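Here is the structure we will look at, set down as structure tokens.
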Amino acid sequence: MKTFFLRHPMITIVAAAVIGALLAVAVFTVATATAQNDGAPTGEPAGPRPEATPTASSTPTPPEDAPTPSAGSCDLSSPTVSDASELEAALAGAQPGAVIVMAPGSYVGNFVATTSGTAASPITLCGSSESVLDGDDESDGYVFHLDHAEYWKLDGFTVTNGQKGVMADATVGSVIQNLTVTTIGDEAIHLRKGSTDNSVIGNTVSNTGLRKPKFGEGVYIGSAESNWCDVNDCQPDASDRNLIEGNTFSGTTSESIDLKEGSSGGIVRGNSFDGSALVEADSWVDVKGNGYVIENNSGVNSPMDGFQTHEILEGWGTDNVFRGNTAAVNGQGFGFSLTPELDNVVECSNTASGAAEGLTNVTCS
């Protein structure tokens, strides 16, 4: 073989070149394979990936401590109205998403809203407790009236000196919160004419019934059967699924909360009652509607019972549940009186003290 290559030098040169090329390819392949498996998954290039470039449709995630903007937010430092005439004009021109901010001061008159917001864009009327809607007459008028106006948010201001404080007729999805409602001729807050899916939250209600103590409720849901023809074409007033939560009641001459026949499916939760001024009612809460949950409320001082149900019409005043309530009655009756029992339930999680007749006139469950 050695003799062959010596006799054919050109073949020797070519063979050497081919062998060298093969060795180079082998070395490169080994090196590449080593690099691909050094800290990177198989099938992916080594080293860090390039970062994606944000597109116009990308939505950055806010930091955890950044507030999330909400429809109808109220900035008290930037009032939009400062007197009654400006407020009336703002109410008349309100459109979905509008925010009407009242400066501190007295707004004398009876004010009405007739336009509606939407679930996504409610209309907001707000102010501090020093922004006072003053009806100027405890014997006449609604200080503020939601008249077939849906999706409103009433927040933070004071309502006083009217026959009725806040009247809501046929409103849906509205929120009445953090108001001070005081010195009222009849009831403080009334939802009627099929007002549904509303929230009455965190209000302070006091000194009602100054015109007629019989009508001095704190929060009144629906209408008495005797008024159905006047307010609802002689049909039951189905003011349903309303939430009454975290309100404080004192100085009411009638019930703190009155839930009328024809209404149903609401929640009464976490409210505080002082019945020291009761003269035309004998309980803090009177349930004449159906399917209410009354829970985690507390009350002191009632001339008779803490909580009651009544059957004003056949088929009404039933399927209500009382649980987790605290009744310091200091009166002659029960903590919970069901007349009649029907399908109402008083759970044993309720407590009563100072009730001469005991916890309840039925067996708790």
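The values are calculated or read from the model by the stated rules, or taken from the named source; none is laboratory data. Keep in mind the model is a prediction, meaning the values are calculated, not measured. Neighbour counts are summed over all protein chains in view; Cβ atoms, including those assigned to glycine, are modelled from backbone coordinates with ideal geometry.
Restricting the stretch 216-229 to residues that are touching a Pro at 6+ places or on another chain (Cβ under 9 Å) and either outside any helix (DSSP H, G or I) or among the aromatic types (Phe, Trp, Tyr) (or both), which is surrounded by the fewest Cβ atoms within 10 Å (Cβ to Cβ)?
228
Condition check: of a type outside the set (Phe, Trp, Tyr) and over 26 Å from the mean Cα position of the chain (by Cα). Does residue 349 satisfy that?
no
Quick one: which residue in 258, 319 is outside any loop (DSSP other than H, G, I, E, B) and either charged (D, E, K, R) or not assigned by TED's automatic domain parsing to the domain that holds residue 193 (or both)?
Criteria check complete, one pass: 258.
All but one of (1) of a type outside the set (A, V, I, L, M, F, W, C); (2) touching a strand residue (DSSP E or B) at 6+ places or on another chain (Cβ under 8 Å); (3) surrounded by fewer than 16 Cβ atoms within 10 Å (Cβ to Cβ) hold for residue 308, so report the exception by its number.
So the condition that residue 308 fails would be (3).
So which residues in the stretch 209-244 are over 18 Å from residue 171 (Cα atoms) and touching a strand residue (DSSP E or B) at 6+ places or on another chain (Cβ under 7 Å), if there are any at all?
Matches in the stretch 209-244: 210, 217, 218.
Quick check: is even one residue across the stretch 266-274 within 22 Å of residue 186 (Cβ to Cβ) and in contact with a Pro (Cβ under 8 Å, 6 or more places away or on another chain)?
Checking the stretch 266-274: not a single residue is within 22 Å of residue 186 (Cβ to Cβ) and in contact with a Pro (Cβ under 8 Å, 6 or more places away or on another chain).
With the structure loaded, tell me whether residue 76 is under 24 Å from the mean Cα position of the chain (by Cα), surrounded by 11 or more Cβ atoms within 10 Å (Cβ to Cβ), at pLDDT 95 or above and not assigned by TED's automatic domain parsing to the domain that holds residue 156 or whether it fails that test.
yes
Among the numbered criteria (1) surrounded by 22 or more Cβ atoms within 10 Å (Cβ to Cβ); (2) part of a loop (DSSP other than H, G, I, E, B), which one does residue 144 miss?
Here residue 144 clears every test but (2).
Per-residue answers, yes or no, for (1) of a type outside the set (Ser, Thr, Tyr); (2) surrounded by 22 or more Cβ atoms within 10 Å (Cβ to Cβ); (3) free of Cβ contacts under 8 Å to residues at least 12 places away in the same chain:
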site	(1), (2), (3)
204	no, no, no
211	yes, no, no
231	yes, no, no
239	no, yes, no
246	yes, no, no
260	yes, yes, no
263	no, yes, no
269	yes, no, no
293	yes, no, no
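Kindly indicate the residue of the stretch 313-325 that is farther than 12 Å from residue 347 by Cα and surrounded by 15 or more Cβ atoms within 10 Å (Cβ to Cβ) and also nearest to the chain's Cα centre (by Cα) among those meeting that condition.
Filtering the stretch 313-325 for residues that are farther than 12 Å from residue 347 by Cα and surrounded by 15 or more Cβ atoms within 10 Å (Cβ to Cβ), the one nearest to the chain's Cα centre (by Cα) comes out as 319.
Starting from the stretch 307-335, take each residue that is within 15 Å of residue 287 (Cβ to Cβ) and of a type in the set (Lys, Arg) and list its partners that are modelled with pLDDT of 95 or more and part of a strand (DSSP E or B), counting only C-beta distances under 9 angstrom and pairs at least six apart or across chains.
So the pair list comes out as 323/293; 323/294; 323/295; 323/345; 323/346.
Being in contact with a Lys or Arg (Cβ under 8 Å, 6 or more places away or on another chain), part of a loop (DSSP other than H, G, I, E, B) and either in the same structural domain as residue 220 (by TED's automatic domain parsing) or of a type in the set (S, T, N, Q) (or both): is that true of residue 138 here?
In short, yes.
Within the group 147, 240, 230, which residue is more than 24 Å from residue 76 (Cα to Cα) and within 17 Å of the chain's Cα centre (by Cα)?
When all the criteria are applied, what remains is 240.
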